[in-house]
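First the structure, in the form of structure tokens, and then the observations on it.
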Amino acid sequence: MRELLEPYRAGRLELANRVAMAPMTRGRADDVTGVPSPYAATYYRQRAGAGLLITEGVYVNALAKGGPGIPGLVTDAQARGWREVTDAVHTEGGTVFAQLWHVGRMTHPRTLPDGELPVAPSAVAIEGRQIFTRDGLLDHVTPRALTVAEIGRTVRDFAAAARRAIEAGFDGVEIHGANGYLVQQFIADNTNLRTDGYGGSVTGRLRFATEVVEAVADAVGADRVGLRISPDNAENQLAEADARTTYRALADALDPLGLAYLHVLENGAYGAVADLRTRWSGTLVANTNGPVPSSPEAGARLVRDGHADVVALGRLFLTNPDLPARLAHGIPLAGPPTENLYGGGAEGYIDYPAATDDLKVLTG
Ligand SMILES: Cc1cc2nc3c(=O)[nH]c(=O)nc-3n(C[C@H](O)[C@H](O)[C@H](O)COP(=O)(O)O)c2cc1C
């Protein structure tokens, strides 16, 4: 475990330890204004012992929103809400990146303004599944394909949200290129049927991802920008026929930019973390996704073996707000949450106690 608890420095990153809190949507923002929950500053402050905090996904424009209670980084009011979060985290000496999110087809007209249709690279629907809206679960609709002009606007919206994030005090931003949302819908061959410059070949399918990364890096500096990917991830009905070739090409294209980090979420057959490690000269953050929470022990092994520099843990951070301190003191971990994941208020959000508070009392 020692490996996870050591400080990490690279470029602008100065992390107190090598444990990141993985981005986790909690659905508690004001659904109309997209302003973060009044409890969000407390929630993130409680978890500021993570070397790196990555926020829940935050929408970059009105069509980017995936469901009820998702916060945004589009308006001044939203930025003011995030300023409370970043101030709280910095008071505790933490580092926090905002995750910039566009869901593409993974939303519903009931979630979008004026009942608009979701947008995507191509008009390919999620089949036989429903999506959560403010009216409960509804059938997915077929999205409409973005025009080239709209793609350009979306790229600029990512950059504008990144600028707002830095103005709101974030140390950096993470572009959400994982889990079957818009960026990965462009990358995967079953959701991108375009025959223009944004599809048709590996280079074409990677073009949106590279344009977003480059625009965001231009806006706020490459050393403040992370990219999250989940190669070969079948989540949300994605199919990537040749993930290895595709993601190697992506890593090769982006490596020279000097990004803050590449965050690799491994859950496909392709051993993405080990493979991409050999081609990525910068910081690599690793996370795994499965039915049980990723284990800190496995994370420590990744660092020890040189496969990752930082390890992201998700569900365990929800119930163990002081997770790195618990790991340091060998305090038993609480199990992952079984309820109150999405939506609601303080309950199941800021009421998990820090075990180290008891320790402070015991040790004076
Ligand atoms: C409640 C919840 C919300 C999540 N929301 C996001 C999100 O907004 N963005 C994202 O990239 N991943 C999201 N994830 C995935 C996590 O970042 C992480 O990859 C996953 O939980 C696996 O890590 P773990 O085993 O340590 O929990 C979410 C996971 C959970 C449990």
When 24, 106 are ranked with the fewest other C-beta atoms within 10 Å first, the list becomes 24, 106
Fewest to most Cβ atoms within 10 Å: 357, 114 sort as 114, 357
Rounded to 0.05, the calculated FRET efficiency for the beta carbons of residue 30 and residue 328 at R₀ = 45 Å is 0.80
Per the rule of 0.36 nm per residue minus the C-alpha distance, extending residue 14 to residue 190 adds in nm 59.4 nm
Once phi for every residue in segment 180-185 is put through the Karplus expression 6.51 cos²θ - 1.76 cosθ + 1.60 (θ = phi - 60°), the whole-Hz ³J(HN,Hα) values, with Gly and Pro written as x, are x, 8, 3, 4, 6, 5
Expected unfolding gain across residue 342-residue 269 under the 0.36 nm per residue rule, minus the alpha-carbon gap, is 23.4 nm
Sorted by chain and number, the residues with a modelled amide H under 5 Å from that of residue 60, at a separation of 5 or more or across chains, are 101
Using alpha carbon centers only, segment 284-347 is separated from segment 212-269 by a whole-angstrom value of 22
With no solvent term and unit scatterers on the alpha-carbon positions of segment 242-301, Debye gives log₁₀ I(q)/I(0) at q = 0.25 Å⁻¹ of -1.09
So the compactness index of the chain, its C-alpha Rg divided by 2.2 N^0.38 Å, takes the value 0.93
If every Lys and Arg gets +1 and every Asp and Glu gets -1 at its Cβ, then about the Cα centre segment 185-250 yields a dipole, in debye to the nearest 20, of 60
Pseudo-spin-label distance residue 202 to residue 138, built 7 Å along Cα→Cβ, given in nm, is 4.0
Taking Cα atoms, the helix 148-167 axis meets the longest principal axis of the chain at an angle in degrees (rounded to 10) of 20
Toy charge model, Lys and Arg Cβ at +1, Asp and Glu Cβ at -1: segment 92-173 dipole around Cα centroid in debye, rounded to 20, equals 160
Dividing the helical contributions, -39500 (n - 2.57) per DSSP H run of n ≥ 4, by the residues of the chain yields a 222 nm value, nearest 500 deg cm²/dmol, of -9500 deg cm²/dmol
Residue separation between residue 315 and residue 295 times 0.36 nm, minus their alpha-carbon distance, gives in nm 6.2 nm
Fewest to most Cβ atoms within 10 Å: 73, 137, 323 sort as 137, 323, 73
GNM of the chain, Cα pairs under 10 angstrom: of 293, 118, 324, the biggest fluctuation goes to 293
Within the chain, the percent of DSSP beta bridges that are antiparallel, given to the nearest 5, stands at 20
Two pseudo-spin positions, 7 Å from Cα along C-beta at residue 130 and at residue 255, lie apart in nanometres by 4.7
Magnitude of the Cβ-charge dipole (Lys and Arg +1, Asp and Glu -1) of the chain about the Cα centre, nearest 20 debye, reported as 200
In terms of the charge dipole of the chain, which places +1 on Lys and Arg and -1 on Asp and Glu at the beta carbon, the residue among 106, 237, 216 farthest towards the positive end is 216
Largest fluctuation, 136, 72, 258 only, Gaussian network model of the chain with Cα springs under 10 angstrom, belongs to 136
With Cα springs under 10 Å, the Gaussian network model of the chain assigns the largest mean-square fluctuation among 179, 267, 340 to 340
Kirkwood calc, segment 48-164, C-alpha pairs only, radius in angstrom 15.4
Among 154, 329, 273, the residue whose Cα sits farthest towards the positive end of the charge dipole of the chain, when +1 is placed on the Cβ of each Lys and Arg and -1 on the Cβ of each Asp and Glu, is 273
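Values in this text are rule-based calculations from the coordinates and carry no lab data. As the structure is a prediction and not an experimental result, all values here were calculated from the model. Neighbour counts are summed over all protein chains in view; Cβ atoms, including those assigned to glycine, are modelled from backbone coordinates with ideal geometry.
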